[in-house]
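Laboratory data are not the source of any read-out in this text; all were calculated from the coordinates shown. Predicted, not measured: the structure shown is a model, and the values here were computed from it. In this analysis, Cβ positions are derived from the backbone assuming ideal geometry, glycine residues included, and neighbour counts consider all displayed protein chains.
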Amino acid sequence: MHGRPRQRPGQAPSPLHHQEQAYAVELQKLMPQFLQSNRTCWVFDVGVVCSYSAEAMNQNARLLELNPEFYTAWNYRKRAVEEILGRETDEEARKGIAQRELDVVVRALRVNHKCYGAWYHRKWVIGLGLSSLDAELVLLKKLLRLDGRNFHGWDYRRFIVKTKGVPPEEAILFTTDKINENFSNYSAWHNRSALLSEISKKEGTEINRVQAMLEDEYDFVKNSFYTDPDDQSGWFYYCWLLEQTIALVGTPGSDVWLMKVLDKEIEACRELLELESNSKWTKLTLARLLLTHASYNTSSRKSDTDEARTHFEELCSLDPTHREYYQYQLSMLSSKELIKDRSSLTTQHEGSEELQLKS
Amino acid sequence: MIEPNTFDAIVLGTGLPESILAASIAAAGKTVLHLDAYEGYLSPWASPSFSTLSSFASSGGCLPKASFSAEEELTFSPEEIEYKILEVKDAPALYSHVKVSPAHDESSLGRLNRYSLDLAGPKVVFCAGPLVDALVSAQADHHVRFKGVEASFIWRDGQMTAVPASRSDVFRDKTLSLADKRFLMRFFKLVADYTDSEGGTSGELAAENLDRPFVEFLRRQQLPTLIREIILYAIALVDDDQEQVSDVASLVSTKDGLQALALYLASASRFPDAPGAFLYPMYGHGDLPQAFCRCAAVRGALYVLRMPVVSLLLDKESGDCKGVQIASGQVLHSEKVIASPTFCVEQPATSESTPTTTSSAVDAEEDAHLRSSDVPSTSSERHETGGDSTKVARCLCITDQSFQPGLSTVMVIFPPNSLHGRKSKVVRALQLGSAADVCPDGKYIVQFSVKCSDATEAEETLQAAKDALFRVDDSEDDLESEKPKLLWSIFFIQDVSNPLQAIRGLKMSVMPDGTIDYRSMMKYTETIFHELFPEKEFFPKLPATSTSDEGEGDAVADGIDGL
């Protein structure tokens with residue numbers, strides 16, 4: 001490995017080497033034993049009831065601690081647990097069996113906390129319905145404090161929240177806490193967006209409530225880019241919010257509301273741009289807001305588009321890495337106008353007729 | 001008998017600066033004798049128990065001494081000792097105006113033996129400050145554990161406002177406007193850039209601007225008043241009013257202000273497990289001197305505790321320091337003596353005034369003089385008599401609940417003139433709970449301090465600060481009843497001036513001053529070390545070992561609670 005001196009011949013090996021060697025020796029010893037028990041249980045599967053001995057289970061647990069990525073061993077455990085639970089009727093003992101599995105998973109996760117097999121096994125054990133879900137939430141809180149962006153942890157949290165039936169309104173508070181701790185946390189923002197969609201899609205949620213919720217979110221996320229305009233996580237969430245806002249178009253009363261929101265947000269971005277004239281994300285978001293505004297408000301279309309164009313032009317030099325993207329946006333703007341100009345020439349007459357019909 | 005009887009340095013008293021000096025001198029490979037007259041490392045830097053503090057109070061502010069009884073009487077006649085002898089006495093009136101209330105009711109305080117009350121409180125330690133560096137290089141970090149200060153508040157308009165001092169604090173703060181958030185963060189960035197550039201900055205931070213007042217620099221940054229107050233008093237921990245300046249010397253320069261902020265930011269990010277920039281030593285500040293003493297002892301320093309020193313010995317010709325005589329009568333030799341400011345040494349008579357008298361005659365004469373006069377004019381000339389900077393008023397309170405529900409270790413800054421209807425100096429308060437192991441469960445200690453030029457004024461100022469945080473008993477107000485109840489308190493005024501002395505080889509260390517951290521003490525200590533041992537390095541950096549190359553200070557981080 002880099003930065004470590006080469007070991008000279010005759011020199012005593014490092015303690016780490018000893019550790020690795022001991023690991024290899026143990027693995028070599030356990031593997032055939034495990035394969036043996038795995039094979040026998042397959043043979044016995046046909047007809048005869050197989051007994052998963054305590055010794056075999058302990059060996060298996062130790063093996064998984066040495067190598068948590070070994071799927072076959074996890075599968076062996078699942079079959080074993082199913083078989084053992086099938087024989088056991090005492091509720092306390094059944095809970096104990098489930099707890100033992102959770103402990104095996106924890107030991108494996110200590111070795112590698114990003115091990116898919118171990119996380120899957122935990123989900124499977126929880127699915128048996130023999131364990132306390134609150135204890136899982138406490139554990140997750142600890143894990144996510146140590147590693148706030150561990151996506152296994154977040155994924156598992158979503159699973160627990162769903163299993164437990166925690167209402168999204170309550171689950172969202174946890175994301176608020178995590179974001180307050182450190183707002184550069186995509187996982188937390190993402191989870192928040194998922195929960196918000198869940199709330200707004202719930203049957204019987206009034207449109208006013210969704211609107212109020214989105215407005216609160218705008219105010220919340222704005223703190224992130226006033227604190228650090230170069231941090232992307234808040235801006236990404238903001239883009240998602242904008243999408244949600246547009247998605248409401250068509251529902252009663254939303255069109256007026258949309259214009260109100262857009263005006264307010266454009267104003268906020270302009271204010272921030274006054275303080276931070278070179279902020280790439282502020283410019284880009286402002287340009288996007290302006291274009292959205294333009295597409296719903298014909299009266300200011302020209303001025304909005306022109307302003308957006310100057311922002312894109314400035315972005316080309318401000319952020320040369322993404323110049324091609326900005327130029328593409330600019331060309332889209334030009335071609336749209338071109339089409340519009342042409343169509344307006346041909347459809348002007350029809351358009352005025354339509355207006356007359358409406359009035 | 002103490003064997004050997006000659007040392008490179010003799011240290012008297014086990015206050016923090018003396019203990020750090022003992023450890024640093026021992027670490028430099030020199031022989032050290034460390035003597036202490038008090039029981040259990042008692043000093044103005046100690047965290048005495050409730051009973052010790054009570055006897056301190058009942059004696060009107062004297063640190064109780066260990067009783068010394070000589071096991072073997074050794075006598076040396078003055079003829080045998082070829083030195084001029086100066087008597088070593090206790091410094092008079094280090095503490096005054098000691099008041100305990102209620103005086104005789106301790107029933108509500110719970111288990112009294114669980115209290116450790118910092119005589120030097122309130123004080124906190126910067127995570128990236130010189131004291132932590134010294135602890136790490138002295139390998140004293142294994143002996144101390146820390147608790148992080150959980151939050152800081154600033155008192156404004158009659159209420160506590162959280163100090164937004166980190167990125168996430170600024171994000172979640174609900175009192176600042178969005179534009180203020182941007183100003184504050186931009187300011188932090190400026191400080192970070194200044195730190196990274198190591199002084200080679202231009203523009204606003206060009207060298208010629210760095211000597212101008214910090215407060216003017218803050219004004220130029222368009223920072224609103226609230227943010228300016230937060231930066232000055234709660235983050236840079238400035239001691240004096242910067243807006244209405246009575247004395248130009250109390251104006252902090254831009255350079256010093258920026259350095260304080262840089263230290264703050266470095267501290268906030270040093271240990272991931274510390275919630276903020278400040279640490280508080282578990283079991284009180286009194287654990288710090290003991291940690292350094294242990295390190296000194298490990299490196300061969302000789303410790304003789306409960307041993308009073310009776311006199312200082314000078315060379316008859318040159319008047320240079322030659323050693324001390326202890327209560328047992330034994331003479332111990334060293335050309336370098338460091339004494340705690342709790343001692344005072346008579347000033348040597350100048351050769352003009354007493355050209356012919358022998359040293360013993362001088363003693364007799366001066367003793368007579370002392371008895372005849374209440375003013376100990378011969379024994380304690382101190383720097384800067386009178387004026388603002390020589391005294392600090394402290395108050396230690398015991399309460400029944402935290403003034404911030406859910407938080408235990410909390411700092412509150414009262415900026416100048418923030419206590420309504422009063423003209424006041426900066427007041428600091430630090431709350432500690434049983435989490436820091438300085439009081440029983442369910443009780444809290446709140447320490448206050450303010451610089452003091454007038455005893456009555458200082459007492460009234462601290463009373464106003466106490467009224468702000470604690471419940472007024474008779475009040476019917478609902479808001480009042482949520483505040484903690486004050487169960488017990490002790491008020492005293494402490495002298496922070498340093499004894500003047502002109503004897504070569506004798507160094508007086510310092511009393512705890514009015515600042516809330518240890519920067520000034522460390523600076524002074526390092527200066528003394530270099531004056532005594534100019535050729536040696538003050539706590540040389542440890543060579544990086546393979547186990548600790550992830551960064552020094554890991555052990556300290558491990559010591560922080562809540563891992």
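Taking Cβ atoms as reference points and 13 Å as the exclusive limit, the residues near B:THR52 contribute a net charge of -1, counting Lys and Arg as +1 and Asp and Glu as -1.
With a simple spin-label model that places each label point 7 Å from the Cα along the Cα-to-Cβ direction, the separation between A:VAL106 and A:ARG158 comes to 2.6 nm. Every Cα-Cα pair in the stretch A:216-270 was counted, and those over 16 Å apart are 43% of them.
Of the Cα atoms belonging to the stretch A:175-332, the radius of gyration and Dmax stand at 16.1, 49 Å.
Net charge of the neighbourhood of A:GLU314, taken over other residues with C-beta under 12 Å away and scored Lys/Arg +1, Asp/Glu -1, is +1.
On the basis of the beta-carbon distance and an R0 of 35 Å, A:ALA93 and A:GLU198 show a calculated FRET efficiency of 0.40.
Here B:ARG504 and B:ASP196 are evaluated by their C-beta separation; at R0 = 35 Å the FRET efficiency comes out at 0.20. Averaged over the residues of B:186-192, the number of partner chain Cβ atoms lying within 10 Å of the residue Cβ comes to 1. Shape analysis of the stretch A:98-192 yields a ratio of the Cα radius of gyration to the Kirkwood radius, Rg/Rh, of 0.95. Here the stretch A:251-326 is treated with +1 on each Lys and Arg Cβ and -1 on each Asp and Glu Cβ, and its dipole about the Cα centre works out to around 180 debye. Between B:GLN401 and B:GLU106, the modelled labels are 2.6 nm apart [label points 7 Å from Cα along Cα→Cβ]. Measuring r between the beta carbons of B:TYR524 and B:ASP467 and using R0 = 35 Å, the FRET efficiency lands at 0.50.
Out of every Cα-Cα pair that the stretch A:162-236 contains, those further apart than 15 angstrom amount to 57 percent. Residues within the reach of a label modelled at B:GLU457 (point 7 angstrom out along Cα to beta-carbon, backbone nitrogen below 20 Å), restricted to the stretch B:237-255, are B:238-252.
Projecting the Cα atoms of A:TYR156, A:THR227, A:GLN329 onto the dipole axis of chain A, where Lys and Arg carry +1 and Asp and Glu carry -1 at the beta carbon, places A:TYR156 farthest toward the positive end. On the principal axes of its alpha carbon atoms, the stretch A:267-309 extends 30, 15, 13 Å, with the longest extent given first. Near B:THR525: Cβ cut-off under 13 Å, other residues only, Lys/Arg at +1 and Asp/Glu at -1. The net charge is -2. Per-residue 3J(HN,Hα) values for the stretch B:517-522, derived from phi via the Karplus relation 6.51 cos²θ - 1.76 cosθ + 1.60 with θ = phi - 60°, read 9, 10, 4, 5, 5, 5 Hz in sequence order (x marks Gly and Pro). If you take the square roots of the eigenvalues of the alpha-carbon gyration tensor of the stretch A:220-313 and sort them as a ≥ b ≥ c, do you get rounded (a/c under 1.5), prolate (a/b over b/c) or oblate? Oblate, since a/c reaches 1.5 and b/c is not below a/b. Taking each residue as 0.36 nm, the span from A:GLU215 to A:TYR23 lengthens on full extension beyond its C-alpha to C-alpha distance by 63.5 nm. The label-point distance for B:THR175 and B:LYS536, in a model that sets each label 7 Å from Cα toward Cβ, rounds to 4.8 nm. Packing-based ranking of B:286-298, B:11-23, A:221-233, A:97-109 yields B:11-23, B:286-298, A:221-233, A:97-109, ordered from highest to lowest mean Cβ neighbour count within 10 Å.
Sorting the segments B:455-461, A:253-259 by their residues' average number of neighbouring beta-carbon atoms within 10 angstrom, most packed first, yields B:455-461, A:253-259. Taking 0.36 nm per residue of separation and subtracting the Cα-Cα distance, full extension of the segment from A:VAL256 to A:LYS114 would add 46.4 nm. When the Gaussian network model of chain A links Cα atoms closer than 10 Å, the mean-square fluctuations of A:SER193, A:SER184, A:SER300 top out at A:SER300. Working value for chain A: equivalent-ellipsoid semi-axes of 57, 28, 19 Å, each the square root of 5 times a Cα gyration tensor eigenvalue, largest first.
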